[in-house]
Structures are given as structure tokens and as C-alpha cells.
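Structure first, then comments.
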């Protein structure tokens, strides 16, 4: 019988972090993929990936709309109810949860309480925000760990995991990024539909990309922080594509600032975008002058593509990074000067901190032969 692998994806970024592994699992002769979408991954407001996942050829066995905005505790509670019901009905042999978003704790708890072996992708890393606590909590609940770097491998063992339960697979998103890096010259810059209409965006003369999310532990300052970035980009006066923030505490305040700016500045060089599929987004990044904000994309995918990054604030504190990243505080002048420096510098040599491009294949192969407890079907 094929081994049933349930992967729970809770956000658009998590999908790109697991997509190549999903492809190999789906095609593997000894594995059956049970794909579940939950959290903001199902919400149009945050760039729903339902259509994208379907167009990629994956069958979604369940989609749960369980986000309670500005109330992560209620979101976690509802998500735990949803995935517990799914696990009981579909009896997966292994459950896979991804990275460090707060919704992952619901998947981890449900699988653990049902005695289903849990696989955690991207444990052992370090960053700012509340993500460290979530990530480490999931690591403690997980039975197996597929980490992206050697340092992360060592940290997971320091947290108590046995060495034969920890695998340095690299990050699946690097698989996509390296493919784009080698083939991007074959592609035109993706067509972009900005929020609020079909205004034409001229990206031929050079453009920058922004991804700035609220910092949970600093959410009262979300509006002030994002205003500093807006001021810097207004002074820069380059075509700018700003991707909508994640569903976190502080997103409503941050989003209201962006909506207000858009309404008051219809002719601005800054345009706002909800989502692109992983390939298109990375093609766009590769052709950009610089990525600005506080997304881990700047630390992870941009490192292997050599894309200049201006990392703002504390959200990525402690994360392993290459020399393509320039860190700055929440200050418009500092942000502007850093952007100018990075644009002047141009692209950096690629770095291989987070993998060499075969993570998806490696992950599927390991999943096909991991030991499974005979008690994994739970109650």
C-alpha cells in the first residue's frame, strides 16, 4: 500500500517552501499526497493560492477558511478542530507542517495528540518576532525534522532531537529559485495586475519589489514602520511593486496605511499586488533592482539568486544570511540610502546557504522509508 503523506499549507509563502516536494510526493510510486489548505492560503484578501494550486496539478483534499483576523488564538483553535477532523477521517501515515507561522502549531498539536508521526520543515532556524517560539515549539512536537542549513541541523539536535531524526535537506524553495536563476533570461517579466485597477506599470526601466509584514511583537508600531518605508520609496521615485502583507497581528493597521496611501496617491510610482505564483514571483525578483522589506524571501531565495536586499527592522534578526543583505532600522533616510547603495552595487554572487536545488526529491525519498509508529492512527 502507498504511504499517505498529509501536507498542511497555511500561507502563500509556505506553498513555495514546499512546492517541489509536493510535486515529487505526488509522482512517487510509494506515496500518496493528501494536500490540505488552511489559514490565509484560502483567503482572497491575502492572495488565495487555491486556483494556483489547482493549476499546478495538485488535488486539494480539503480547504479550511479558519482565519479570525487580529485573533491568532481563535485561528489556531479553529484550525486545530479542522485538521483534527481531517486526520481522523483520512488517517495519514505522516503529517508535514512547514516553517514557523503561528497556524503551524495547530497542525503540530493535532498530529501529536492523534499519535501521527509529525514532520517539520525548516526547524532550527533563528529569527526575530514570535516566530522563534512557534518554530521551537513545533520542533519539540515533531518526530522528524527536515532542516535547510547545517546550523539549523545542530540547533534541532541541541533542542533534544536524535541525530537519526534530523535531515539536512535544504529548502524546497531554493529548488525553484535555482531553476529560475538558470533560465530566467528565457522569460519576459510577468504581467502584473495591481490592486485597485489595471493601471499599466512600466517595468522596462528598472523597478524594485517590496515585501513588508507586521512584526507581531511590535504591532502597535506597524503604521509608523510602514510609513517610513513609503517615505523612502516616494523619495526614490522608481517603479515599485509592493506585495500585500501576511495575515498577522498588525496587518489591519499596516494594510489601512497602504490602502489610504493608494487612494490619496493614484499616480504614485508604487503599485500594490496581492500574489503571484512562485515561478512568476521569482522571475520578477530576478529582474528587479532590489528587494526591500522584512520577508525571509530576502534572506533565503534572494541569497541563492544574488538579488540585492534591504532588510528593514528586527523581523529577520539572527537568521543566517549572505552578503546580499543590508540591514537598516525603521528610518526613511536610512532605508533610502541603503536602497541606493544596493542598486548601485547590483547583483551579488549566488550563495548556497539554504540548499543546492534537490530538496524536493530528497524530502520525498526520506518520507517513503521513514519508520512509522504502529500507533499512528490515534484514538
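Note on the range 20-45: among residues that are surrounded by fewer than 23 Cβ atoms within 10 Å (Cβ to Cβ) and under 16 Å from the mean Cα position of the chain (by Cα), the one that is modelled with the highest pLDDT is 42.
For the range 168-176, state whether one or more residues are in contact with a helix residue (DSSP H, G or I) (Cβ under 9 Å, 6 or more places away or on another chain), surrounded by fewer than 23 Cβ atoms within 10 Å (Cβ to Cβ), at pLDDT 95 or above and in a strand (DSSP E or B). Taking every residue of the range 168-176 in turn, at least one turns out to be in contact with a helix residue (DSSP H, G or I) (Cβ under 9 Å, 6 or more places away or on another chain), surrounded by fewer than 23 Cβ atoms within 10 Å (Cβ to Cβ), at pLDDT 95 or above and in a strand (DSSP E or B). Look at residue 125 and say whether it is farther than 23 Å from residue 26 by Cα and crowded, with 20+ Cβ neighbours inside 10 Å. Judged against the criteria, residue 125 is a match.
If I filter the range 250-267 for residues that are surrounded by fewer than 21 Cβ atoms within 10 Å (Cβ to Cβ), in contact with a helix residue (DSSP H, G or I) (Cβ under 7 Å, 6 or more places away or on another chain) and in a loop (DSSP other than H, G, I, E, B), do I get at least one hit? Looking through the range 250-267, none of the residues is surrounded by fewer than 21 Cβ atoms within 10 Å (Cβ to Cβ), in contact with a helix residue (DSSP H, G or I) (Cβ under 7 Å, 6 or more places away or on another chain) and in a loop (DSSP other than H, G, I, E, B).
Here the helices (runs of 4 or more DSSP H) wholly within the range 50-117 that include at least 1 residues being farther than 19 Å from residue 33 by Cβ and touching a strand residue (DSSP E or B) at 6+ places or on another chain (Cβ under 8 Å) are 104-113. Does residue 115 satisfy the condition of being over 21 Å from residue 365 (Cα atoms), surrounded by fewer than 24 Cβ atoms within 10 Å (Cβ to Cβ), in contact (Cβ under 8 Å) with a residue 60 or more places away in the chain and within 17 Å of the chain's Cα centre (by Cα)? When the stated conditions are applied, residue 115 does not pass them. Does the range 286-298 contain at least one residue that is over 21 Å from the mean Cα position of the chain (by Cα) and on the phi > 0 side of the Ramachandran plot? Taking every residue of the range 286-298 in turn, none turns out to be over 21 Å from the mean Cα position of the chain (by Cα) and on the phi > 0 side of the Ramachandran plot.
Looking across the range 52-89, not a single residue is buried (at least 18 other Cβ atoms within 10 Å of the Cβ) and on the phi > 0 side of the Ramachandran plot.
The values are calculated or read from the model by the stated rules, or taken from the named source; none is laboratory data. Please read these numbers as outputs of a predicted model, since none were measured by experiment. Note: ideal-geometry Cβ built from the backbone for every residue, glycine included; neighbour counts use all protein chains shown.
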